[in-house]
Structure formats: C-alpha cells, structure tokens
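Participant: Can you read through this structure? Questions will come right after.
The values are calculated or read from the model by the stated rules, or taken from the named source; none is laboratory data. All figures in this text were calculated on a predicted structure; none of them were measured in a lab. Cβ sites come from the backbone with ideal geometry, for glycine too, and all protein chains shown count toward neighbours. When the accessible area is computed, the model is the full protein with side chains, heavy atoms only, and any ligands, DNA or RNA have been set aside. Shrake-Rupley method; radii C 1.70, N 1.55, O 1.52, S 1.80 Å.
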Amino acid sequence: MSLNIQRNDQVEVISGADRGKRGRVLRVFPDESRILIEHVRVVKKNVRPNPQKNIKGGVAEQEAPVHVSNVLLVCPSCGPTRVGHKVEGDTKVRVCKKCGAELTATRKSKRK
Ligand SMILES: [Zn+2]
C-alpha cells in the first residue's frame, strides 16, 4: 500500500510534542509508514569529532521520522485535511476531502 503523503508535501502535525507545526516532507519511508518532515521532531544528537571527515564534535540537530497517522496533508485552500482519491481516466489523483480540490504531487511519478 502506498501512502497518501508524498515527498515535498506540506503537512501539519496533529499529535505529539510538535502538534500544530507545519513543514515540508523531506523523505518518505513507505515500509514503516513514516515520513521525515523539515524542522519537525528535531532531535539532538551528540556527535563525536572525526577529523578525517572534518566533523567537529558537539551537538547536531536532526529530524526524526514521524508516523503518517500523526500528520495531515495541508490543502492550499482549507488547511489541514484528510485525503481522498478520485480516478481520472487511468490516473488516480489525490483530492481534499473538504473542498474537493486536487492535491497534485509536486513531481509526477510514473511508478505504480
Ligand atoms: Zn481543500
């Protein structure tokens, strides 16, 4: 099963410590139903210095994956919304469940 959320989507977090935050989807992990969202669920990681890779030690910040059930896709006209589907010809498009607007992906994928 594929996810309703795709890379570069704008999503809003609806539960957890980051509730209400919006961000762009950086990565999708379909097998785990998790996504990585820019500036959301940022965790601090202690980094050991590695002079060979020119890495200074200290604390680095990094996003942690969020389960898709904790986010809603943001519709440009009504805000956070559930996603529906509509079949047009032989393509399936995502639609906003509130206003019915098509939520087109930023980049079309030919894979099914
Ligand atoms: Zn809408």
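For (1) near the ligand (Cβ under 10 Å from one of its atoms); (2) open to solvent by 20 Å² or more (accessible area, probe 1.4 Å); (3) modelled with pLDDT of 95 or more, each residue gets a yes or a no:
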| residue | (1), (2), (3) |
| --- | --- |
| Gly58 | no, yes, no |
| Pro65 | no, yes, yes |
| Val68 | no, yes, yes |
| Val71 | no, no, yes |
| Ser77 | yes, yes, no |
| Lys86 | no, yes, no |
| Asp90 | no, yes, no |
| Val93 | no, yes, no |
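Participant: Can I ask one more? Whether any residue in the stretch 56-65 is within 26 Å of Val95 (Cβ to Cβ) and touching a Pro at 6+ places or on another chain (Cβ under 6 Å) is what I want to check.
Facilitator: no
Participant: Another question, if that's okay. Give the residue, chosen from Val43, Val13, that is closer than 21 Å to Pro80 by Cα and either free of Cβ contacts under 8 Å to residues at least 60 places away in the same chain or out of contact with any Asp or Glu (no Cβ under 8 Å at 6 or more places or on another chain) (or both).
Facilitator: Going through Val43, Val13 in turn, the sole match is Val13.
Participant: Among the residues of the stretch 28-49, is there at least one that is within 11 Å of the chain's Cα centre (by Cα), under 18 Å from Arg7 (Cα atoms), within 16 Å of the ligand (Cβ to nearest atom) and surrounded by 12 or more Cβ atoms within 10 Å (Cβ to Cβ)?
Facilitator: No, the conditions are met nowhere in the stretch 28-49.
Participant: Based on this model, can you work out whether Asp18 counts as crowded, with 17+ Cβ neighbours inside 10 Å and not in a strand (DSSP E or B)?
Facilitator: Yes.
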